Amino acid sequence: MSQRLATGGRLIDRSQPRSFTFNGKTLQGYAGDTLASALLGADQMLVGRSFKYHRPRGVVASGAEEPNALMNMGEGELFEPNQRATTTELFEGLIARSQNHWPSLDYDIGALNQLAAPFFSAGFYYKTFIHPRAAWKHLFEPFIRKSAGLGQAPKGADGDIYEHYYAHVDVLVIGGGIAGLRAAHAAASAGARVLVIEQSATWGGRAPVDDDFASEINALVAELAAMDDVQMRLRLMGAGVYDHGFVTGYERLRDHAPKPGAPRHRLWKIRAQQVVSCTGAIERPLSFAGNDRPGVMLASAMRDYVVNHAVAPGQRTVLVTNNDDGYRTVLCLLDHGLEVPLVIDARRNPEGTLAAKARARGVTIRDGYAAAGVRGTKRVTGIEICPIEGSGGAVDTVECDAVAMSGGWSPVVHFYSHCGGKLLWDEAGAFFYPDAAKPPLNQSGAGFVRCGGAANGALQGAEAAQCGGQAGAEAARALGLTAPVPSGPAPEPQAEAPLMPVWVMPLNADYHRRSHTWLDFQNDVKLSDVQLAAREGYESVEHTKRYTTLGMATDQGKLSNINGLAVLSDALDASIPQVGTTTFRPPYTPISLGSIAGEARGDTFQPLRRTPMHDWHEANGVHWEPVGHWRRPYAYPRSGETVEQAVHREVKNTREALGLLDASTLGKILVTGPDAGKFLDMLYTNMMSSLKPGRCRYGLMCNENGFLMDDGVVARLDENSFLVHTTSGGAEHIHAHMEDWLQCEWWDWQVHTVNLTEEYAQIAVVGPHARKLLEKLGGMDFSAENLPFMGWAEGQIGGFDTRVFRISFSGELSFEVAVPAAQGAAFWDRLVKEGADLGLMPYGTEALHILRAEKGFIMIGDETDGTVIPQDLGLHWAISKKKTDYLGKRAQERPHMTDPARWKLVGLETISGAVLPDGAYATAPGYNANDQRNTQGRVTSTYYSPTLERGIAMGLVLNGPDRMGEVLNFPGTNGQIYRARIVDPVFYDKEGAKQNV
Amino acid sequence: MRRYSAFAIAKEALRHNTGWQKAWRSPAPRKKYDVVIVGAGGHGLATAYHLGKNHGITNVAVVEKGWLGGGNTGRNTTIIRSNYLQDPSAAIYEKARSLYETMSQDLNYNVMFSPRGVIMLAQTHHEVRGYQRTAHANALQGVDTRWISPAEVKKLVPIINLDGPRYPVLGGLWQARGGTARHDAVAWGYARACSAMGMDIIQQCEVTGIDSAEGKVTGVQTTKGQIACDKLAMVVAGNSGLLAEMAGFRLPLETVPLQALVSEPIKPCMDVVVMANTVHGYMSQSDKGEMVIGGGTDGHNGYTQRGSFHHVEETVRALVETFPMISRLKMLRQWGGNVDVTGDRSPILSKTPLGNCFINCGWGTGGFKAIPGSGWAMAELVAKGEPGPLTAEFGLNRFREGRFIDESVAAGVAH
């Protein structure tokens, strides 16, 4: 059994018990426990079921690499699946449930899958479930989906909040073990601004368990904390390294002490000039039959639990090892009064100091032997042994309740690799380590990540510490600082005997054993699976990974990759470095999507842009329409009115009396400078340089491909300045478009542009009574003589500073009045008040659309869609014949653009008076070569016209203007065919009498 | 080729799986082939497969600088749909979708095509109109799509939040026959079938130069030596510009990073594919249980096959807003690929200025769904030397003539 020891426990505080529940059972642990250590302390070795075969699984590791102990944690809106028990700090009231079993952890029907395991070899599902065709969708896939997955899906919204944090440092040290602390100290001592981050809740890493660095760690932490330019953070994991020295960090602020209302996670966005990764190494399992049984654990994890938490995973532990480091666990267990009946060492005559110490303490060592199998189902009961060269026939069995396995160590090179750093293979230690000659490169082409300590392959304590210090000093030197070679105790002479690479145990294991030897615990990938993949030609390491799912589990191969790679290279008769690794991708361990989204949720998901009159609209029953980041009033329904009825009322009232439109979202870009006219002549299809100050002109803007991209009215303010109005949606990208040309192509033109969109409130006063209202406010002469159509004037209206443009998008008498944004609300209020007796009503975007459609005015985004040229829209009059060039001119001369057989703008009227469906196409006889119906036109805008009391539409029709009166068929998606006649697109006031008064 | 079946699996299980053959051979290149295809991704392999199956041309080599299926074929979010707006697009994507339906049977390899349905959400009035237009177009193109109400969206996707404060869901365009497939399996299934037809798939073989005489291609230089050919097909996605340069012409496209990510696996919670183009994100759940997430391309050109974090952040934000429950899931892995994007966001399947050299590229962010249709059409182009109905509109000359096939005109720009 596993149990809590009577004394000890470096990290736990026995005066602070913590109760928690596991599968509904209440258990006890202590402050300082992880969920895993607390479970083990309560004799709960069985903690989960594997992905494919639902095998019983126990805790195998003590950190981020844990593949088995994943929990459904918490409840309700704080529920979270797949939480690693080994990195979950215990807190009072923690609720954990094991995953992937039914009906219970102890009795799981899914475990029957194991019986069929011979049929479920690697990639079996690619070879079957092929017939009958429908069965995949309706039978096999639903079954597979249900059996797969791990934790439960959360339900509903997240009850926690998250935040982002930005840091800019000279040197970022990832990992707060002895190497990382030394690195930080060296860099900071040289004058660098340093941030050192550690994923766990304590400084020191493995050193306090494996070596005696306690006093130095305390001293370093104290010294660093006292330095001005050093920031230190616990529970902050390095997540990913990206180009240009960008690093993400994942700080778990509240996972260990949940508190609603305070951020749970904080995503750090760190810009570091130099990154030093002192991220240690991860011990590898050994590959022997039954190595996945609960109670088989990494040797290092076992001593972590004993030393850190005073938890003994077993009473009688057998060590299986191929190296000296495993003996540390033996000595540790003996020191804590636990039994070690046997060490199985693959090597002959291990002679290292540690082995000698164990031997001296009376431990039996079977050297040149292998584990041949593990007894027990939900818990280890014994281990079988055989000679290392054997095929597995057991020569002996030893009773035990735990097995420690030690297969050597793999440096954590993730942060070196995320951004392209290359690795080398160390034959003696059998691990990949950073190739210092090929680091990830920053924006200047220089390396910006280096590794220190065990992450750099310096696995021994003192050697690792020294290596960390050197890495810190080198990082400082890379910044041009002077860093002395760090002092510190010189590493002891190598006291450990060499490791013997053993990738399958015993070396000639028979098929039965190889098919019961786990490489990837969570995904149930066995040694035989990788061998099969190689045999079937999935020779690339990426093919093998994807075919077998090796390394694709939530630990991303931290335990399995090197072991699997070695088996693959053996099967291919290639060397390990030749086969290479799969790509290391961020994040180092999974990070919450909530932390990535940060504060941007709900109302703050995207910035909301509000016009100065926003609150008035809100208070007056507005029905909003999102337009980019703006909200625009779609209509103002009155009580008892539908939105549609409101729109119709607004249209009629504007035509008959007086309407008020908030046009503030309209783009307003000031273009100024001696070359402003020349610039606008290139931007617009028509001539702008000839515009007189005081006048406005409607213009069309095309992209390089000749397609119409924006339209609007340009007002000439003075000799050198123009105010360009764009569509609401176009303000930002048209401004960017201008800057693109000015900065990249015409950089010597003297033009300056400023986006003034938000500087002004703009209000359209529209309708037969428009002039009356403005005259009522007074301050200017609004007569047609003084302010003619397409003129503008500056002055005061009713005491407000204004600029008035006499332009119309409705066909009515219309003044668009701009006032400084701060005066917008007051000016609007005044207009509303003074206009009441003139029948004033505000109108929204939908009424605006109908008003313009009745007049046959095009709308960018409706009549245009990025494939339409001005010539298609009958806008030849707005295309200058005199100019030698404008953006899009050359493109419009291409054969397809000048083809007379293009779809062109017309009006459409249904025979029945009904409204044509939006986006409907007019069919033409026959089918094309791909068996699609031929078409000859489409509806671009369609509305019910309250003015004409019938449906009206605009559309693009093949040779449309030449086919007036013809009737076309528009099939709807409802099965109905709409018949519509081609008519003039101007439905209302064709002479323009109303706007010109 | 030994057939895969439940029976074969049972038989092999009894003899410890020792009888399985290699899924494909790994031969050394021969001196000359009728056709050399550069690029053993989905499109290249599908081209080879249909050259053999439809046109009886099997003296074919597919050369690949890395491992087969290792480019965008093995990096995408596996969405298959054909609800495109423009006729030429709808034709080729629908051809592809229909070929996906029978691909497992055709290849005797389970590619796990899962016609679970795809919804494209409309979250602005503009988008509503765009998708209604697409629905009208699809009806005439023989593509089975339907405009659905917010209530229907909710029924199909219970985890969706219809009433987000910024962009409430106003409806969606639903293609019930769209879905997903296992991307690696598509490449592997084609590779196995091509190899069985006697074609050579040569991996770890990078093309370093293109040989020509009298304006016609004669072969390729590779890291495994010179290989002569009568016809050459370039099907290399993000590397198209580089390869075209070797052949002496330029392409109207840019290479940009596109990223994707997956969550940790959870039990089934979403049965369909959802694309939300206003907020720029899409999501489905893999058979393994991971939420598979993608978004828009990065803003810069690059060949690194990795992207910048802020794009991932934008995508995740969009999807947390759309599916609030995923906030409590964790990102397991993010990755990137290189996609080649043309000016009109539509592919190029074309003859080139070099005689007997053909190119298939520019699928941008949406190539996976097109693989079988693209292979079918490209094989016809290579075999006959002239474009057929599916490729007629996708020629390089369209950029000179202004005959664009612009798909961004409908509300959705994401593929």
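The values are calculated or read from the model by the stated rules, or taken from the named source; none is laboratory data. The structure displayed is predicted, hence computed values, not measured ones. Cβ coordinates were reconstructed from backbone atoms using ideal geometry, including for glycine residues, and neighbour counts include every protein chain displayed. Note: areas computed on protein heavy atoms with side chains; ligands, DNA, RNA excluded. Shrake-Rupley method; radii C 1.70, N 1.55, O 1.52, S 1.80 Å.
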Would you pick out the residues in the stretch B:223-254 that are among the β-branched types (V, I, T) and either within 14 Å of B:L354 (Cβ to Cβ) or open to solvent by 10 Å² or more (accessible area, probe 1.4 Å) (or both)? B:T223, B:V235, B:V236
How many of the residues in the stretch B:59-92 are closer than 25 Å to B:L261 by Cα, within 10 Å of another protein chain (Cβ to nearest Cβ), among the hydrophobic types (A, V, I, L, M, F, W, C) and open to solvent by less than 10 Å² (accessible area, probe 1.4 Å)? 1
Extreme residue, farthest from B:I293 (Cα to Cα), among residues of the stretch B:328-347 that are among the hydrophobic types (A, V, I, L, M, F, W, C) and buried (at least 24 other Cβ atoms within 10 Å of the Cβ): B:V339
Please pick out the residue among B:A377, B:A370 that is in contact with a His (Cβ under 9 Å, 6 or more places away or on another chain) and more than 14 Å from chain A (Cβ to nearest Cβ). B:A370
Expected single match for of a type in the set (A, V, I, L, M, F, W, C) and more than 42 Å from the chain's Cα centre (by Cα) among A:A301, A:A346, A:A281, A:A312 is A:A346
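Residue-by-condition table, conditions (1) more than 21 Å from the chain's Cα centre (by Cα); (2) surrounded by fewer than 21 Cβ atoms within 10 Å (Cβ to Cβ):
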site: A:I596; (1), (2): no, no
site: A:P607; (1), (2): no, yes
site: A:H623; (1), (2): yes, yes
site: A:A635; (1), (2): yes, no
Looking only at helices (runs of 4 or more DSSP H) that fall completely inside the stretch A:593-673, which ones have 2 or more residues that are within 14 Å of another protein chain (Cβ to nearest Cβ)? A:593-597, A:643-656
Selection count, the stretch A:551-581, where residues are buried (at least 24 other Cβ atoms within 10 Å of the Cβ), within 12 Å of chain B (Cβ to nearest Cβ) and closer than 19 Å to A:Y433 by Cα: 2
Filtering the stretch A:918-969 for residues that are under 42 Å from the mean Cα position of the chain (by Cα) and either in a strand (DSSP E or B) or assigned by TED's automatic domain parsing to the domain that holds A:V651 (or both) leaves a count of 13
Please work out which residue is nearest to A:L608 (Cα to Cα), limiting yourself to the stretch B:151-197 and to residues that are of a type in the set (D, E) and more than 8 Å from chain A (Cβ to nearest Cβ). B:D163
Of (1) within 22 Å of A:M688 (Cβ to Cβ); (2) crowded, with 19+ Cβ neighbours inside 10 Å; (3) more than 12 Å from chain B (Cβ to nearest Cβ); (4) of a type outside the set (D, E), A:G874 satisfies every one except (2)
Scope the stretch A:532-550; condition facing another protein chain (nearest Cβ under 9 Å) and outside any loop (DSSP other than H, G, I, E, B); matching residues: A:L532, A:R535, A:V541, A:E542, A:H543, A:R546, A:Y547
B:M112 passes all but one of the listed conditions (1) over 30 Å from A:V939 (Cβ atoms); (2) more than 8 Å from chain A (Cβ to nearest Cβ); (3) among the hydrophobic types (A, V, I, L, M, F, W, C); the exception is number (2)
A careful count of residues in the stretch B:115-150 that are open to solvent by 30 Å² or more (accessible area, probe 1.4 Å) and either closer than 27 Å to A:A134 by Cβ or more than 8 Å from every other protein chain (Cβ to nearest Cβ) (or both) gives 7
Lone qualifier among B:K95, B:K155 - being surrounded by fewer than 23 Cβ atoms within 10 Å (Cβ to Cβ), under 25 Å from B:P268 (Cβ atoms) and not hydroxyl-bearing (S, T, Y): B:K155
Are any of the residues in the stretch B:267-285 assigned to a loop (DSSP other than H, G, I, E, B), open to solvent by less than 10 Å² (accessible area, probe 1.4 Å), modelled with pLDDT of 95 or more and small (G, A, S)? no
What about A:T642, is it hydroxyl-bearing (S, T, Y) and open to solvent by 10 Å² or more (accessible area, probe 1.4 Å)? yes
Give the stretch A:242-262 a look and list any residue that's in a strand (DSSP E or B), more than 17 Å from A:F91 (Cα to Cα) and out of contact with any Gly (no Cβ under 9 Å at 6 or more places or on another chain), or say none. A:E251
Looking only at helices (runs of 4 or more DSSP H) that fall completely inside the stretch A:96-202, which ones have 2 or more residues that are away from chain B (no Cβ under 14 Å) and under 30 Å from A:A69 (Cβ atoms)? A:178-189
Do we find that A:S783 is surrounded by fewer than 21 Cβ atoms within 10 Å (Cβ to Cβ), of a type in the set (S, T, N, Q) and under 30 Å from A:I850 (Cα atoms) in this structure? yes
Mind listing whichever residues of the stretch A:894-917 are within 12 Å of chain B (Cβ to nearest Cβ), more than 23 Å from A:R950 (Cβ to Cβ) and either in contact (Cβ under 8 Å) with a residue 24 or more places away in the chain or not in a helix (DSSP H, G or I) (or both)? A:R894, A:M897, A:D899, A:R902
Answer yes or no: is there a residue in the stretch B:391-406 that is within 30 Å of A:H414 (Cβ to Cβ) and either part of a loop (DSSP other than H, G, I, E, B) or of a type outside the set (A, V, I, L, M, F, W, C) (or both). no
Within the stretch A:57-79, take every residue that is surrounded by fewer than 24 Cβ atoms within 10 Å (Cβ to Cβ) and either among the charged types (D, E, K, R) or away from chain B (no Cβ under 14 Å) (or both) and give me the one that is farthest from A:A402 (Cα to Cα). A:E77
Give the stretch A:508-531 a look and list any residue that's more than 12 Å from chain B (Cβ to nearest Cβ) and over 25 Å from A:A69 (Cβ atoms), or say none. A:N508, A:A509
Restricting attention to the stretch A:911-951, which residues are surrounded by fewer than 16 Cβ atoms within 10 Å (Cβ to Cβ) and β-branched (V, I, T)? A:I911
